[in-house]
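Worksheet: one structure, shown below.
The values are calculated or read from the model by the stated rules, or taken from the named source; none is laboratory data. Please read all numbers here as calculations on a predicted model, not as lab measurements. Methodologically, a virtual Cβ is constructed for each residue, glycine included, from the backbone with ideal geometry; neighbour enumeration extends over all protein chains shown. Surface areas here come from the heavy atoms of the whole protein model, side chains and all, with no ligands, DNA or RNA. Shrake-Rupley method; radii C 1.70, N 1.55, O 1.52, S 1.80 Å.
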Amino acid sequence: MAAKREITIGFFDSGTGGLSVLAEFLKHSDFARAIYLGDNENAPYGNRSRRELVSLARAGAERLAAAGADIVVFACGTISTNALEAVKTASDLPVFGVFPPAERCVLSGKRTAVFATPRTVQRLSGTGADVFALPDLAGEIERCAPHVEKVCVKKHLPQTAGDYGAVVLGCTHYALVAEQFAEIFPRAEIVWGGQDTLRAVNSFLNGVYGKKEGKDPLCGADYG
Ligand code: DGL
């Protein structure tokens, strides 16, 4: 197997939710090192103001840069939808985020529900999806982690949530309890943004370092 790319990716979230994103990268990418920063002290982020989110995201990116990150991934839907653009324009490092793929699901013709934090939901109007804010679910996941099987997703969902063809998990914490969403919505495809982020980062790396010979890096295949 050829050497992995000499790249350090820094992942940032309010807590443990971004581990779902890191797990995607560890399964499917070929970077050499990861740094993970969970801002437990200030979690949860989902009800914070945009001003606070920009400031926390900026501080997180700076800490990751100081720790040696070459690329920053905001592994948090709340930061990505509210603060990424502000941080990105002022950052020396490439910055990526995780976004709920709501429009893609709607355009595929599926009746789509998006579940996310209150602050993320405010950024999702006009997608054509039914959007639901879950103010306390990320906090409960955070308290239970790593024993996320103790979380009861159902008690956080509004009774109005109906039958959907696609359910978008707009918060990376929710990806840690995706199986429960699948049980609650048995006919729905359960979707979140982790794969899109991985694809964006890999395509950036291919542009900067050249595409490696061999299979698609997204498939996690060996090279050479
Ligand atoms: N995991 C984050 C997100 O995707 C943060 C949730 C929170 O801290 O409220 O939104």
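A compact table of results
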quantity	calculated
Amide H partners (placed H, <5 Å) of Ile71, local residues excluded	Thr8, Gly10
Solvent exposure of the range 1-118 as accessible area per residue, Å², 1.4 Å probe	43 Å²
Under 13 Å from the Cα of Lys88 - aspartates and glutamates, other chains or at least 8 residues apart	Glu62
Separation of alpha-carbon centers, the range 13-44 and the range 149-180, rounded to whole Å	20 Å
Area accessible to solvent at Ser203, 1.4 Å probe radius, in Å²	70 Å²
Degrees separating the helix 19-28 axis from the principal Cα axis of the chain, which is the longest one	50 degrees
Size of the range 92-164 as Cα extents on the principal axes (Å, biggest first)	44, 35, 19
Accessible area (Å², 1.4 Å probe, nearest 10) - Thr160	110 Å²
Pairwise FRET efficiency - Thr160 versus Ser55, Cβ, R0 = 30 Å, nearest 0.05	0.30
Theoretical ellipticity at 222 nm over the chain - DSSP helices of four or more residues, -39500 (n - 2.57) apiece, nearest 500	-10500 deg cm²/dmol
Principal axis dimensions, largest first and in whole angstrom, of the range 22-100 by Cα	35, 24, 23
3J(HN,Hα) from dihedral phi, the range 61-75, Karplus parametrisation 6.51/-1.76/1.60, rounded to Hz, x for glycine, proline	5, 5, 5, 5, 4, 5, 7, x, 5, 8, 9, 10, 10, 6, 8
Proximal aspartates and glutamates relative to Lys155, as straight alpha-carbon distance under 20 Å, when same-chain residues fewer than 8 apart are discounted	Asp130, Asp136, Glu140, Glu142, Asp163, Glu179, Glu183
For the chain, alpha-carbon Rg relative to the globular expectation (2.2 N^0.38 Å, N residues)	1.00
Nearest-10 value in Å² for the accessible area of Glu149, using the 1.4 Å probe	130 Å²
Nearest 10 degrees, 0 to 90: helix 194-209 Cα axis against the chain principal axis	20 degrees
Calculated FRET efficiency for the pair Glu183/Ser203, C-beta based, R₀ 30 Å, to 0.05	0.35
